[in-house]
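**Student:** Encoded as structure tokens, here's the structure I'll be asking about.
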Amino acid sequence: MIDVAVLISGGGTNLQALIDACTDETFPARIALVISNNPGVKGLERAKKAGIPTKVINHRDFSSREAFDDKLHEALVESGSGLICLAGFMRILDARFVNRWKNKILNIHPSLLPSFKGLHTQERALEAGVRFTGCTVHFVNPELDDGPIIIQAAVAINPDDDADTLAAKVLTQEHIIYPQALKLVAEGRTMVEGSRVIIRDADYVSQMVINPKPE
Ligand code: GAR
């Protein structure tokens, strides 16, 4: 059983998916702390409702990114967390922070990385005319939305999709793959080799692969 901290900035539906997964006592992780850089967000309520300790570390209270990241680091160490899940955490973490937690930070991003890093992913996918998009859980490296990929799920784009319908379909898949990815990492099944994640026990993983179902 590993203690995990979840970092959020907003609504926290991915946090909720992780909270729900952790209610299964066979799940190999437990959420020890939820940190938000924004006060008053719904994700904090979700954590409190689940009895999980919360902290607001407001980046606006710090004079530099480094000072904010140091405060985060301190809170994370204090919580005893061995892993960090970024769940809609909309702050860039500096390289020093990321290197302190090398291969211990997971992030979820609403595109099939390395396509469409950054913001407005669904608008850009529609604009580019791609037929599939999706979501990715990856280990975080110092580049934005970059790092070894743990799991992806693909979503078919229909001609009548707009950014909102697409975001909703992708979000549904996010809630499936984030707990799966955390489970793999917490069970020690992932190994980072260069820029790739090797997963021990391929049969186990193939049961998790999500196939797009064109509608
Ligand atoms: C999710 O779609 C997540 O993938 C995205 O923010 C949303 C947060 O929703 N994250 C990023 O874009 C990070 N680059 P949530 O607060 O309901 O989990």
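**Student:** Checking residue 107 against (1) within 12 Å of the ligand (Cβ to nearest atom); (2) polar (S, T, N, Q); (3) more than 21 Å from residue 6 (Cα to Cα), only one condition comes out false. Which one?
**Tutor:** (3)
Conditions tested, residue by residue: (1) crowded, with 18+ Cβ neighbours inside 10 Å; (2) at pLDDT below 95.
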| position | (1), (2) |
| --- | --- |
| 129 | no, no |
| 132 | no, no |
| 135 | yes, no |
| 140 | yes, no |
| 157 | yes, no |
| 165 | no, no |
| 209 | no, yes |
| 214 | no, yes |
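**Student:** Has segment 166-181 got at least one residue that is more than 16 Å from the ligand (Cβ to nearest atom), in contact (Cβ under 8 Å) with a residue 60 or more places away in the chain and within 30 Å of residue 97 (Cα to Cα)? Before you say what the answer is, go through the steps one by one.
**Tutor:** Filtering segment 166-181 down to residues more than 16 Å from the ligand (Cβ to nearest atom) leaves none.
Checked against the condition, which is being more than 16 Å from the ligand (Cβ to nearest atom), in contact (Cβ under 8 Å) with a residue 60 or more places away in the chain and within 30 Å of residue 97 (Cα to Cα), segment 166-181 yields no hits at all.
**Student:** Here's another thing I want to ask about it. Scanning segment 123-142 for residues that are among the small types (Gly, Ala, Ser) and at negative phi, which turns out nearest to the ligand (Cβ to nearest atom)? Please lay out each step first, then the result.
**Tutor:** Filtering segment 123-142 for residues among the small types (Gly, Ala, Ser) gives 125, 128-129, 134.
Applying the additional criterion that residues be at negative phi yields 125, 128.
Details: 125: 13, 128: 17 Å.
This residue is 125.
**Student:** Is it the case that some residue within segment 87-97 is touching a Lys or Arg at 6+ places or on another chain (Cβ under 7 Å) and crowded, with 22+ Cβ neighbours inside 10 Å?
**Tutor:** No, segment 87-97 has no match at all.
**Student:** Check off (1) within 20 Å of residue 178 (Cα to Cα); (2) surrounded by 17 or more Cβ atoms within 10 Å (Cβ to Cβ); (3) more than 10 Å from the ligand (Cβ to nearest atom) for residue 69 and give me the number that stays unchecked.
**Tutor:** The failed condition is (1).
**Student:** Going by what's in this entry, would residue 38 be described as within 13 Å of the ligand (Cβ to nearest atom) and more than 29 Å from residue 154 (Cα to Cα)? If you could, list the steps in order and put the result at the bottom.
**Tutor:** On the way: within 13 Å of the ligand (Cβ to nearest atom): yes; more than 29 Å from residue 154 (Cα to Cα): yes.
Yes; evaluated as a whole, the condition is true for this residue.
The values are calculated or read from the model by the stated rules, or taken from the named source; none is laboratory data. As the structure is a prediction and not an experimental result, all values here were calculated from the model. Here Cβ is always computed from backbone atoms with ideal geometry, including for glycine, and neighbour counts include all displayed protein chains.
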